[in-house]
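No value in this document is a laboratory result; all are computed from the given coordinates. Everything numeric in this text was worked out from a predicted model, so none of it was measured. So basically every Cβ, Gly included, is an ideal-geometry build from the backbone, and we count neighbours across all protein chains shown.
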């Protein structure tokens with residue numbers, strides 16, 4: 001961003017014992033029960049012995065905007081009780097330039113040119129849940145179906161540009177193998193606890209639907225396109241023991257998961273325009289056994305947990321990994337054309 005400046009854009013934060021537990025401590029829940037605090041204290045020496053690696057960028061609220069105290073005291077968040085105490089960014093903020101822009105200490109170089117940079121600060125959202133808030137951030141609407149900013153850029157240019165490729169993000173949804181956590185009888189798209197015999201027709205239907213989706217996408221892009229498809233991760237690190245996380249025992253879990261991933265792999269092999277993003281392999285060693293150094297997939301360089309508490313979604317670190325996996329595969333594919 002600053003021509004000729006070879007210094008790192010972000011100032012590297014000083015190490016903290018809690019660096020392994022959150023990427024920048026923007027929101028730190030202070031209402032941990034005693035048992036959770038004891039557990040975290042035991043984990044600190046393990047994490048602190050690991051070399052801290054840069055992993056994604058800090059959240060924007062630790063970069064460009066000072067969080068007012070009144071918001072921290074009266075904020076409404078999804079799935080968090082109204083009495084939860086939240087801690088703002090741990091980084092110092094100052095005002096810079098004639099415009100008085102607030103920047104954190106993580107942006108020492110940007111602070112020297114703030115009067116030459118446009119900061120748009122007029123946007124706000126009333127959405128407090130992450131899904132509609134993310135849609136609003138990218139499209140200006142809380143409901144899906146609206147074009148994103150990237151789509152408007154491509155439309156405004158009027159043609160494809162090699163330096164600004166267009167991407168279409170599609171989610172098929174629905175194939176949540178872990179649902180309904182054993183609370184209801186297994187069924188297609190919510191099959192937790194299903195036997196292999198029960199799951200076989202569902203796997204076949206998934207294969208049929210996937211073929212149909214690929215065909216429909218190819219029909220809508222007659223000029224050609226590349227499709228990047230991820231497989232399904234495993235929060236048990238290949239052991240199939242979700243009961244260690246409090247869920248019912250599921251004897252056929254690994255066999256069913258492998259069958260679904262095999263369908264995805266065969267689809268990528270069959271269609272040259274489909275590129276596999278191996279999310280399953282990348283996440284092994286970062287599930288519920290991430291700290292057990294004697295396990296096959298233990299990652300000594302990064303023994304961190306990448307899943308949300310529900311085992312179904314990634315946490316912030318996991319989402320950052322997924323973004324990197326997709327972008328790396330996209331870059332490899334594009335470079336092969338040149």
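Sorting 179, 289, 109 from the fewest to the most surrounding beta carbons within 10 angstrom yields 109, 179, 289. Eigenvalues of the alpha-carbon gyration tensor of region 167-338, scaled by 5 and square-rooted, set the equivalent ellipsoid semi-axes at 28, 22, 13 angstrom, largest first.
Fewest-first ordering of 300, 295, 324 by other beta carbons within 10 Å of each residue's beta carbon gives 300, 324, 295. You can think of it this way: the chain between residue 241 and residue 102 has 45.2 nm of extra reach, that is 0.36 nm per residue less the Cα-Cα gap. You can think of it this way: the chain between residue 219 and residue 198 has 4.2 nm of extra reach, that is 0.36 nm per residue less the Cα-Cα gap. The fewest-to-most ranking of 149, 254, 229 by surrounding Cβ atoms within 10 Å reads 149, 254, 229.
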